[in-house]
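What follows is one structure encoded as structure tokens, with my remarks underneath.
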Amino acid sequence: MKEITNSILKDSSRDEKSQLEILLPDEKIFHNAAKAGEVSTLEQCLSRNVQINIRTESDRTALHFAVANQCENAVSFLLNHNARVDIKDKHGMDAFLLAAWFGHLNILKLLVEKGVDRKSTNEEGLNALHCAAQNNKTKVVEYIVNDLQLDLNKPTEKGKMPYHLAAENGHLEMVEALRKLNYNTQKKDKEGNTPLHLAAWNGHVTVLTVLLSEGNLINEENEEGETAFYLAAVGGHHECVTSLLGAGSDTNILPKSNTSPLHVAAERGDHSLASMLIDAGADCNSQNKRKESPLHLAVKYQHMPIAQLLVESMCDVNILDEQGKTPLGVAARVNHIIIADMIIKAERYYAWKEVIQDRLPIPTSNYPLTFKPDHTTQTSQIRTTLWSLAHRDLKPKDWKRLANQWHFTEEQIKGIEEQWTGAKSYKEHGHRMLLIWLHGILLTGTNPVKALYEALVNIEQNNLAEKIRKEINGMQSSQKCTVS
């Protein structure tokens, strides 16, 4: 609707130029004079027999342009020369609707004196009250209701009352004015949206706050099954999300699409929103119509911080999408090594945690509970040793044998092996596997030297085991751990 009236104002637009092409030169001058409020030029044109109601291709007259440009002197002149007030343009907008839209009270009164149809509507069913409400013209609303005594509090073709339009456009002043007139409503439009839905979708937090005080429809769903909270989240309106959470919105009501706000945050990479949702108890394991969890989407679109947030929130890393892929499978397929390793670390840690249950404190050491790559100084020496082990000492199949010793699953091994850089890829595979293993060892408080020594012995690498034992025990590491 705004585009309709803006095109009246912007005669330099392509549409307006094409419309003026059908006019004679004097007729073009006449319309331009109406836009500019040049009464003397209007008078000259009429003296040259220009028709006062001459229309453009879009059925706009000089009166349309004068009203839209709020040229009161031109409007008065045209009305005094019997310009018709009932002509509507191709969008159904007459002079009275335009005056209400742009909020020029004096022009509105001039039109009323000339007997304009006060109940006229455009093609979308908008009357003067709708036009004023949509554009925050409170004086016009008060004039229509109090002075003209008109009952225009009706729904549009889309079922929107003036209150819907004020909320949708974030006009707090208009919302307050309509409330004083008892024109506030919680009814739904034809798409099932209440004013609360519309304010939330458009991110109008000040209006939203007022609407939240009106009733208990906070979790009401529209025709698509969307709540105000869902629309605020999907729209990325964090302030509205916070307000709705504070008012008690249910974070886990899913629309018909089954796409949760957390899915949207994961797909977009909106870490702030994802964090808010998780803190508010959003279901990390909900699945959309493709059976993807939020973690699937974070991996698919390679949003590592959100993937990290989700795995640290103990989401299920084994959920299968419609193609039978886990998030790890997706990470391996898109070759996102950091996310793949992070998921494996999380999966192994949570499996261990489930086994020990409450028998040990978690974590059992001062090692930080995170699944990101380890760059801490306290592990730098052992990580150097593991790099050397993988790239210089282990044979092609040794890393898998070690992985089996440490109960890596087939999918975890496959996820690591998916990375292919050539015939010597096994070196990097082994290095990744060793770092993942080290992460779990440190979190569980196990002696890494002892565990590595025993695993190497078990795969019949006794000499290598002894070499590693001596090398690490000789280091001045912060852990000061030796094989007992």
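The values are calculated or read from the model by the stated rules, or taken from the named source; none is laboratory data. Owing to the predicted nature of the structure, the values given are computational and were not obtained by experimental measurement. Every residue, glycine among them, receives a Cβ derived from its backbone with ideal geometry; neighbour counts consider all protein chains shown. The area values use the complete protein model at the heavy-atom level, side chains included, leaving out ligands, DNA and RNA. Shrake-Rupley method; radii C 1.70, N 1.55, O 1.52, S 1.80 Å.
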Just need the Rg to Rh number for the stretch 245-331, please, alpha carbons only, Kirkwood Rh.
0.94
Could you order peptides 307-319, 159-171, 405-417, 376-388 by the average number of other Cβ atoms within 10 Å of their residues, highest first?
159-171, 307-319, 405-417, 376-388
What base-10 log of the normalised intensity I(q)/I(0) is obtained for the stretch 216-374 from the Debye formula, alpha carbons as equal point scatterers, at q = 0.11, 0.17 Å⁻¹?
-0.46, -0.98
Each label sits 7 Å from Cα toward the beta-carbon; between Leu105 and Lys353 the label points are separated, in nm, by 6.3
Extension gain from Asn335 to Arg179, taking 0.36 nm per residue of separation minus the Cα-Cα distance:
50.5 nm
Using only Cα atoms and rounding to the nearest 10 degrees, what angle (0 to 90) does helix 448-458 make with the longest principal axis of the chain?
60
I'd like to know which of Thr326, Leu79, Leu394 lies farthest towards the positive end of the charge dipole of the chain, counting +1 on Cβ of Lys and Arg and -1 on Cβ of Asp and Glu.
Leu394
In Å and whole numbers, how far do the C-alpha atoms of the chain stretch along each principal axis, longest first?
111, 49, 40
Tell me, what is the per residue accessible area of the chain in Å², probe radius 1.4 Å?
46
Ratio of Rg to Rh over the stretch 153-209 (Cα coordinates, Kirkwood Rh, two decimals):
0.93
Coarse-grained scattering of the stretch 380-449 at q = 0.12 Å⁻¹, given as base-10 log I(q)/I(0) from a Debye sum over alpha-carbon atoms
-0.29
Ranked by how many other beta carbons lie within 10 Å on average, peptides 136-143, 331-338 from highest
136-143, 331-338
Taking 0.36 nm per residue of separation between Glu113 and Asp147 and subtracting their Cα-Cα distance, the length gained on full extension comes to 10.9 nm
Label-point separation (nm) for Asn447 and Gln405, each offset 7 Å from Cα along Cα-to-Cβ?
1.6
Give, as a single signed number, the net charge of other residues whose beta carbon lies under 14 Å from the beta carbon of Arg333, with Lys and Arg counted +1 and Asp and Glu -1.
-2
Over all directions, the stretch 163-299 yields a Cα convex hull whose mean projected area in nm² is 7.5
What does the charge dipole of the chain about its Cα centre add up to, to the nearest 20 debye, if the Cβ of each Lys and Arg holds +1 and the Cβ of each Asp and Glu holds -1?
1640
Kirkwood hydrodynamic radius (C-alpha pairs) into Stokes-Einstein, the stretch 57-126, 25 °C and 0.890 mPa s, D in µm²/s:
210
So what's the back-of-envelope 222 nm ellipticity for the chain, counting only DSSP H runs of four-plus at -39500 (n - 2.57) apiece and dividing by all residues, rounded to 500?
-15000 deg cm²/dmol
May I ask you to evaluate 6.51 cos²θ - 1.76 cosθ + 1.60, the Karplus curve with θ = phi - 60°, for each residue of the stretch 209-224 and list the ³J(HN,Hα) values in order in whole Hz, giving x for glycine and proline?
4, 5, 5, 5, 7, 8, x, 10, 9, 4, 9, 5, 9, 8, 5, 8
Would you mind telling me the share, in percent, of accessible area of the chain contributed by carbon and sulfur at probe 1.4 angstrom?
45
Find the percent of Cα-Cα distances in the stretch 403-444 that exceed 12 Å, and round it to a whole number.
60
Between Asp86 and Asp283, how high is the FRET efficiency from 1/(1 + (r/R0)^6) when r is the Cβ-Cβ distance and R₀ = 56 Å? Nearest 0.05.
0.50
